[in-house]
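None of the figures in this text is laboratory data; all of them are computed from the coordinates on show. All values reported here derive from a predicted model rather than from experimental measurement. All Cβ positions, even for glycine, are placed from backbone atoms using ideal geometry, and neighbour counts span all protein chains on display.
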Amino acid sequence: MGIRGTKTFISEGMKNLVDNTGFTFRYSQISYGISFVPLRLFIGCLLYPVYTLRKLYNLLTGRIEFSYLETFITTRCTLRCRDCSVLIPHLSKLEDFNVDDAISDLEKLLSSVDYIHKLGILGGEAMLHKDFCRILDFADSHKKIGSIRVVTNGTFIPNDSVLDSLASSKKLYMNISEYPAVAPAKRSELESVLKGRNIKYISYMDMQWYDLGGPDEPRSDLQTAEKRFRYCWMKRCSGIRDGKLYMCGRSVFLPLVRQVENGESDYLYIRGWDGKENKKSELRRFLRRKSLETCRYCNGTYEGKVVPPAVQS
């Protein structure tokens with residue numbers, strides 16, 4: 001029986017990769033002859049007792065773990081997607097963020113976090129950043145980071161220095177998003193290069209995108225925003241940008257689009273931490289938020305209409 005949802009080239013590190021996913025299997029679209037949603041529900045049912053025990057253990061011991069955390073190092077992208085969940089086409093300018101600051105922000109967060117099961121290095125296209133290799137090497141060497149996820153749309157071949165860093169990483173696997181807007185030949189070329197260098201990758205097909213709406217006007221009151229937040233899976237994708245920890249990718253970039261920060265409910269400023277004080281209580285309060293101001297500017301994944309992925313604008 002063939003795999004319809006993904007194509008993989010994962011060598012000996014497969015077991016280690018699975019062990020370190022932090023149980024965030026909603027991102028795994030491997031489909032053995034059945035649709036993605038039933039498979040996700042089936043895997044979720046199998047893993048729920050383990051996930052519950054882990055949460056209970058962390059609660060009793062005071063540990064703070066992130067199943068998945070993203071660090072954003074650039075807004076530059078090679079596509080202009082109409083329904084981009086993080087609103088990059090709405091930005092007035094595209095820029096790279098300082099990698100030294102990004103590494104320092106991660107170090108400060110990790111001083112109060114016990115483990116990050118999976119770290120995503122994202123943009124835009126993160127591999128376009130001239131210092132991409134430095135943050136990859138940092139994450140690869142940090143004992144509190146289990147695995148590394150780098151996402152690409154498959155439109156370009158990374159340069160040799162980036163490919164060398166990808167190949168030398170013991171924790172990394174690439175995610176290649178298979179979009180209709182990208183020529184299959186270009187994507188196949190990238191897969192061939194990665195396979196030739198023994199770089200682990202997963203190619204995602206038939207991805208499900210949502211119409212989350214534009215950033216211009218708030219669309220709901222606080223009560224509706226709380227419901228939207230409660231049922232939205234994007235709240236599990238916490239991200240760091242410019243010294244601030246956000247609850248989801250959309251809240252990371254909405255302030256840049258609107259050119260105003262959305263208040264303390266939407267981010268926790270970690271760049272001011274000295275890396276020595278224990279900030280666990282501050283982190284817990286932030287992660288227990290019931291809604292975000294950003295939710296008023298978003299349709300959410302619960303209410304949002306499913307749309308074709310990566311339609312170009």
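Spatial offset of the range 247-313 relative to the range 60-95 amounts to 10 Å, using the alpha carbon center of each. The alpha-carbon positions of the range 6-307 define a convex hull whose volume is 136 Å³ per residue.
Taking θ as phi - 60° and the Karplus parameters 6.51, -1.76 and 1.60, the scalar couplings of the range 274-284 work out to 8, x, 10, 6, 7, 10, 4, 5, 5, 5, 4 Hz in sequence order, x denoting glycine and proline. Inter-part distance, the range 167-195 to the range 111-164, computed on C-alpha centroids, equals 14 Å.
Restriction of the GluC sites (Glu not before Pro) in the range 214-308 to DSSP coil positions whose beta-carbon has at most 11 other beta-carbons within 10 angstrom yields Glu264, Glu277.
Using the 10 angstrom Cβ neighbour count as an exposure proxy, how do Val86, Val150 rank, fewest first?
Numbers: Val86 29, Val150 26.
By the 10 Å Cβ count, ascending: Val150, Val86.
For Thr74, the residues whose amide H sits under 5 Å from its own are Phe97, ignoring neighbours fewer than 5 places away on the same chain, with H placed 1.01 Å from N. Taking all Cα-Cα distances within the range 181-309, those exceeding 27 Å account for 37%.
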